[in-house]
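To start, the structure itself, in structure tokens.
Please treat every number below as a calculation from the coordinates, not as lab data. As the structure is a prediction and not an experimental result, all values here were calculated from the model. Because the Cβ atoms are built from the backbone with ideal geometry, glycine has one as well, and the counts that use them run over all protein chains shown.
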Amino acid sequence: MTTTDTSPAPLYARAAYRGIELYAPDRRPASIDLSDNTNRWGVPPGALRELRDAGVALASRYPAVYSTPLKRTLADYAGVHPSMIVTGCGSDDVLDSAIRAFAEPGDRVVMSEPSFPMIPLFAAMNGLEYSGIPLSSSYDIDVESLVAGEPRITYLCSPNNPTGTTVARAAIKAVLAGARGIVIIDEAYVEFSDSTALDLVSAYDNLLIVRTMSKAFGLAGLRVGYAIGAPALVADIEKSRGPYKVSGLAERAAITALTEDLDWVREHIGLTIANRQRLVAALRARGLDVTPSLSNFVFAPVSRAPAVARRMREGAHGVAVRAFEGLRPVSAALQASGGCALRISVGPWPEIESALAAFDEAMAVCE
Ligand SMILES: *Cc1c(COP(=O)(O)O)cnc(C)c1O
């Protein structure tokens, strides 16, 4: 990722914004883009039909103020009451709104590292302090350090981006038992895993499960995210987020995906999991220390990953993957790679074959 500082120090913005750089991932076009974990099979068929047929009619009207029809549909899908759902313009919006709703400026947010880099950014955007707590050598969370000092907000990501590992249920319960503030569990990739903390929301009034339509449901461009929690909790997020944040078209497509397209979505989750296992095996056969993934991407510590990724994109195969450098070297594999890693999204097998060919070519050049 490259970051761009676009302007001289802001004179008018709040002081906390001085350290914030605009999010600038490498988004140059590539023939095959396996860099952002979106659905490589595209938009589900029912949602696609609605986008084509309903688009114009919905464009001139305001959407539902607080997405009530979508909340009902999501509630059915998740098996909870609609009063336990809050939506947003992508789950990023929900996370940002939650962080703002439950912490005063100066309060502290904690997250394990490496994990989702948007969280320290949202903390800064809302004037909060941020602490990163290293994951263990097997990418398990350090419960004691997370709960120490009673942070206002504890963020867990399961499956975790970028390691692909899940947080053990006992560890989640230990965090909930020790937490004084809000515990957010980001389940953006839950559809590709075998565990959820959803059943715990009825027992813990400080637990928020955040999910998205951007990954398994193939609607990243429409920006639909949601959270599930106690009614009082989600009502406060709704205040902090404000009205009209999910567009009418996004709402229509999301409702259709959740009702008509579930078979399609499940079929492609199955394909993703099968191809993920094949990709892990193929990378291990190349000598890489790859952690088992419970997500729709594979995390592979590789030395000089940015150079490797650049070569994969610019070489004959034109494959974009996500490169990391400067990650906390918590595991033996990350120590060996100097904190560098590739994250490869899983799509149709021919795309994975191209990624492997691009990787082989890049390694031959980079070594
Ligand atoms: C992709 C991703 C999201 C989803 O973001 P949207 O704003 O819903 O597109 C949230 N959390 C994590 C960890 C992710 O990787």
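Structure values in brief
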quantity	calculated
Cα gyration tensor shape for segment 214-367, rounded if a/c is under 1.5, else prolate or oblate	prolate
Of all DSSP beta bridges in the chain, antiparallel share, percent nearest 5	45 percent
Computed P(r) (all Cα pairs; segment 88-219; 5 Å bins; percent)	2, 11, 23, 26, 23, 13, 4, 0
Total formal charge among the other residues, if their Cβ is under 9 angstrom from that of Ser158, Lys/Arg +1 and Asp/Glu -1	-2
In sequence order, calculated HN-Hα J values of segment 308-322 (Karplus, 6.51, -1.76, 1.60; Hz; x Gly/Pro)	4, 5, 4, 5, 4, 6, 8, x, 4, 8, x, 9, 8, 10, 8
Largest-first principal axis extents of the Cα set of the chain (Å)	55, 52, 47
Phi to ³J(HN,Hα) by Karplus 6.51 cos²θ - 1.76 cosθ + 1.60 over segment 223-239, Hz, x for Gly, Pro	6, 10, x, 7, 10, 10, x, 4, x, 5, 5, 5, 5, 5, 5, 4, 5
Peptides 137-144, 203-210 ordered by average Cβ neighbours within 10 Å, highest first	203-210, 137-144
Amide H contacts under 5 Å for Glu113, placed H, 5+ residues apart	Ile133, Leu135
Per-residue ³J(HN,Hα) for segment 96-109, Karplus 6.51 cos²θ - 1.76 cosθ + 1.60, θ = phi - 60°, Hz, x for Gly and Pro	4, 5, 5, 4, 6, 5, 10, 9, 7, x, x, 5, 10, 10
Given charges at Cβ of Lys, Arg, Asp, Glu: segment 123-209 dipole, positive-most of Thr165, Ser193, Val147	Val147
Exposure proxy order (Cβ contacts within 10 Å, fewest to most) of Asp93, Asp36, Asp261, Asp53	Asp53, Asp36, Asp93, Asp261
